[in-house]
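Heads up: the structure comes next, in structure tokens.
The values are calculated or read from the model by the stated rules, or taken from the named source; none is laboratory data. Keep in mind the model is a prediction, meaning the values are calculated, not measured. With ideal geometry, Cβ positions are generated from the backbone for all residues, glycine too; neighbour counts draw on all protein chains shown. For accessibility, only protein heavy atoms count, side chains too; no ligands or nucleic acids. Shrake-Rupley method; radii C 1.70, N 1.55, O 1.52, S 1.80 Å.
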Amino acid sequence: MPVPEAQYLSPIWRDDLFKGRVVFVTGGAGTICSMQTRALVRLGADACIIGRNVEKTEAAAKDIATVRPGAKVIGIGGCDVRKVESLKEAAEQCAKELGGLDFVIAGAAGNFIVSMEGMSSNAFKAVMDIDVLGTFNTIKATMPFLLKSSDARIMYVSATFHYTGMPMQGHVAAAKASVDSLMASVALEYGPRGVTSNVIAPGAIADTEGAARLISTDEASLKHHSKSIPTGRLGTVKDIADATVYLFSSAGSHVNGHVLVVDGGAWRRQGGV
Ligand code: HXC
């Protein structure tokens, strides 16, 4: 079933906004990143999505390519962001097949609900390695290509857990704090060389595989969650995709070193106010 455009993009953007641009996305088969990619491709970009699962990544690439006639979307499965060589090969393949690399979305992330007590050192390390080392590796592998682009952008998909700390998410909160920090250093080091670096921090998003796996998504629970959000609703993947389009568009070219929180203001209440 094709995904209706209204589910991932507001009808306000110019059709050819990203014509001639190439986006490289880690975790690109996951719900949020695949919808971000879908929006960029719909608006003219070509894309290369990376994932560990071969079948899932290739299927997602094929599906995303249907949003625009002539769109080129490569799916590179079997690629683990913890292995820098594997990412370097993927970035090279992307540049060779699509003619370069202008935008990066570092979206690959590990997550499971577990208490500190129940978490082994290896479980903590697994998430730190995927989120933090994986983000560093993504920067390392793609930067040589970004530096050749006339308008280069990196974006990281983070979270809001680490602003206050979060029970059962101690590993993820620690990892996302590091991702935000890496973002800021890249903004300062590479801003002068033409590469902007920003974070999008989604709040609770109702329509993702991750949410379905990690939190209760029955109607009563969602209604309860919504009440704690100042805008009165949970986020959608479209909220994140629209924010991505803004940051990657020329309208976002002077935004660098910024965390764009897309959560309806919920993080301001995380402390319980
Ligand atoms: C406790 C767990 C666990 C769990 C794995 N481990 N799952 N511990 N509870 N549910 C432990 C394992 O026992 C092991 O420790 C260690 O973690 C490594 O696990 P492996 O399976 O060997 O590692 P690996 O194959 O590298 O997988 C790592 C993974 C990853 C982190 C589990 O596969 C993963 O998270 N996949 C899900 C990705 C995902 O959903 N991403 C969406 C993120 S969205 P021991 O000690 O036994 O060796 C998101 C927003 C959601 O984050 C917001 C809603 C809250």
TODO: Would you mention how many residues in segment 201-231 are modelled with pLDDT of 90 or more and within 12 Å of the ligand (Cβ to nearest atom)?
DONE: 5
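Within segment 116-131, how many residues turn out to be more than 9 Å from the ligand (Cβ to nearest atom) and either open to solvent by less than 70 Å² (accessible area, probe 1.4 Å) or hydrophobic (A, V, I, L, M, F, W, C) (or both)? Please lay out each step first, then the result.
First, pick out the residues of segment 116-131 that are more than 9 Å from the ligand (Cβ to nearest atom): 116-117, 128.
Add one more test, that the residue is either open to solvent by less than 70 Å² (accessible area, probe 1.4 Å) or hydrophobic (A, V, I, L, M, F, W, C) (or both), and what stays is 116, 128.
The total comes to 2.
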Open item on the list: If I filter segment 41-63 down to residues being assigned to a helix (DSSP H, G or I) and within 16 Å of the ligand (Cβ to nearest atom), which single residue comes out as most open to solvent (accessible area, probe 1.4 Å)?
Closed with: GLU55
Task: Among the residues listed as GLY107, GLY134, the single one being in contact (Cβ under 8 Å) with a residue 60 or more places away in the chain, in contact with a Lys or Arg (Cβ under 7 Å, 6 or more places away or on another chain) and within 16 Å of the ligand (Cβ to nearest atom) - done: GLY134
Open item on the list: Among the residues that make up segment 173-196, is at least one of them touching a residue at least 60 places away in the same chain (Cβ under 8 Å), under 30 Å from SER121 (Cα atoms) and either open to solvent by 30 Å² or more (accessible area, probe 1.4 Å) or not in a helix (DSSP H, G or I) (or both)?
Closed with: yes
TODO: Kindly indicate whether any position in segment 147-155 is more than 11 Å from the ligand (Cβ to nearest atom), in a helix (DSSP H, G or I), within 23 Å of SER34 (Cβ to Cβ) and within 20 Å of the chain's Cα centre (by Cα).
DONE: no
TODO: Working carefully through the options THR138, THR66, find the one that is open to solvent by 40 Å² or more (accessible area, probe 1.4 Å) and within 21 Å of THR244 (Cβ to Cβ).
DONE: THR66
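To keep it simple, each residue is scored yes or no on (1) open to solvent by 60 Å² or more (accessible area, probe 1.4 Å); (2) free of Cβ contacts under 8 Å to residues at least 12 places away in the same chain.
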| position | (1), (2) |
| --- | --- |
| ARG213 | yes, yes |
| ALA220 | yes, yes |
| THR231 | yes, no |
| GLY235 | no, no |
| ASN256 | yes, no |
TODO: Filter segment 237-247 for residues that are under 11 Å from VAL262 (Cβ atoms) and either open to solvent by less than 20 Å² (accessible area, probe 1.4 Å) or of a type outside the set (Lys, Arg) (or both) and give the result.
DONE: VAL237, ASP239, ILE240, ALA241, ASP242, ALA243, THR244, TYR246, LEU247
